[in-house]
Amino acid sequence: MSLSGRPLLPRGRFADWLESGVVALTGRPDGPPLVPPGRAASVARELAAVLARAAGIDVDGAALLAERAAFTGGVRRGVVSVGGACRLLPTADGWAAVSYARPDDRQLLAALIGADLDGDVWEPVAAWLRERPGTELAERAALLGLPANPVSPGAGDHPVPAGTVRPAAGLRVVDFSALWAGPLCAHLLGLGGADVIKVETPDRPDGARAGHPGFYRLLHAGHRSVVLDPRTPRDRAALAALVSGADVVIEASRPRALAGWGLGPAMTTATWVSITAAGRASPRVGFGDDVAAGAGLVADDGSGPVFCGDALADPLTGLAAAAQALTSPPGTLLDVAMAAVVAGTLDGTASTVATRAAPPRTRTPPGPAPETGADTDAVLREL
């Protein structure tokens, strides 16, 4: 049993999906809710059980999958993601998931199709995709650093670790990540008593600060915020000292980003959690919606694929990364590929129509999130 009395043993994938809140977010806006394929909701509960054994961290893993939508009021939108930044579009030989989530993505999409995009983005991109196979999109998107990929189920291992767990209490976690997956990992470790230090740079704060404030508070309450500029010798030295003194380091960017600051797994005995779209060796970039769909986690109502839930690759990966961090010995480099985590939840089962669906639900943020850089001086004095 969990601390709140919820059973931790699997109850079956169908029941776990129905209770997770994800089903209400899956399907077309004018159609019935759909139960996604695979068993990601059950896997999320199993990952939460690992965290409960390790540190008494009491969360409903399945409910975490839809938690952001409970804050934002997101609803199912079919071939448009719950958050609105990603679309499922037909290619010459299948379907693709394409994200337009950052201002620079307009220029990248223009480079993808070889044409200016002064007005509407989606129709010219859709027309280009209809005439080309998914492999061409994958190659060009990887070259450009564009979050887009064909819907093509890949291989993945079952993401629930089986190693000996260690407690989170007393661990120092240095979190370089942003948005959802990495911060969720840090949040879960913080719930277990870890000292979480969030690190940002002056010109690149966490983009989630501009999102729903309640959701941001939930993931960052109780953490400490440090802002350091790696362009200055003083701050580069401070970054190195932070990493050297950490028990867990979380990053969610391509490896070259921190390497450019002189930081990397080889300089520390910390457990290094590296979250990427498709692995540290892959040039691919991605966000939760396009990665989940690209890995094959889409539902189908007979008229084509639709998105499952809200950016499911993010919360699934955050849960998996936290569980792996507490079941891996110090000095381990964890190459946590979001696409592989998603693929590991697929088992050949198909999506089905649901007659009922629990709504997404939230937890109450336990307190305020720190202001940007509020703890910089205090943390530097500890080094």
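Based on a Kirkwood Rh over C-alpha pairs, give the Stokes-Einstein translational diffusion coefficient of region 30-117 at 37 °C and viscosity 0.692 mPa s in µm²/s. Could the numbers behind the result be given before it?
Numbers: Rh = 16.2 Å.
Translational diffusion coefficient: 202 µm²/s.
What value, in deg cm²/dmol to 500, does the helix sum -39500 (n - 2.57) over DSSP H runs of n ≥ 4 give at 222 nm once divided by the residues of the chain?
Details: 15 runs with 132 residues, N = 383.
Estimated from H runs of four or more residues: -9500 deg cm²/dmol.
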ask   = If eta is 1.306 mPa s and T is 10 °C, what Stokes-Einstein diffusion coefficient results for region 254-380, Kirkwood Rh from Cα pairs, in µm²/s?
value = 91 µm²/s
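Suppose R0 equals 45 Å; then what is the FRET efficiency for T355 and T135 from their Cβ-Cβ distance, rounded to the nearest 0.05? Don't skip to the end; give the middle numbers.
Working: r = 39 Å, r/R0 = 0.87.
For R0 = 45 Å, the calculated efficiency reads 0.70.
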note = Note on the chain, DSSP bridge orientation, antiparallel percent to nearest 5 equals 45 percent
request  = Order these peptides, 106-117, 330-341, 285-296, by their mean beta-carbon neighbour count within 10 angstrom, highest first.
outcome  = 285-296, 330-341, 106-117
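Can you tell me the dipole magnitude for the chain around its Cα centre, using point charges on the Cβ only (Lys, Arg +1; Asp, Glu -1), in Debye to the nearest 20?
On the way: 34 positive and 39 negative charges, 135 e Å.
Computed about the Cα centre, the dipole is about 640 debye.
Let me check against my output: what whole-number percent is the relative contact order of region 62-204, with C-alpha pairs under 8 Å and at least 6 apart?
On the way: 157 pairs, mean separation 24.1, N = 143.
After rounding, I find 17 percent.
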ask   = Taking only C-alpha pairs under 8 Å that are 6+ residues apart, what is the relative contact order of region 42-132 in percent?
value = 17 percent
inquiry  = If I take the Cα coordinates of region 163-311 and project them onto the principal axes, what are the three extents in Å, biggest first?
reply    = 58, 36, 32
note = Taking the chain, the equivalent ellipsoid from its C-alpha gyration tensor has semi-axes in Å, biggest first, of 32, 26, 18
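Please state, to two decimals, what the Cα-based radius of gyration of region 193-235 comes to when divided by 2.2 N^0.38 Å (N = residues).
Region 193-235 yields a ratio of 1.31.
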request  = Report the residue, chosen from W17, W122, W95, that carries the largest GNM mean-square fluctuation when the chain is represented by alpha-carbon nodes joined by springs under 10 Å.
outcome  = W122
message = Just to confirm the filter: which trypsin sites (Lys or Arg not before Pro) across region 306-383 are DSSP coil and have at most 16 other Cβ within 10 angstrom of their Cβ?
response = R356, R361, R363
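Where a number appears in this text, it was derived from the coordinates with a stated rule and is not lab data. Treat the numbers as computed from the prediction; the structure is a model and nothing was measured. Note: ideal-geometry Cβ built from the backbone for every residue, glycine included; neighbour counts use all protein chains shown.
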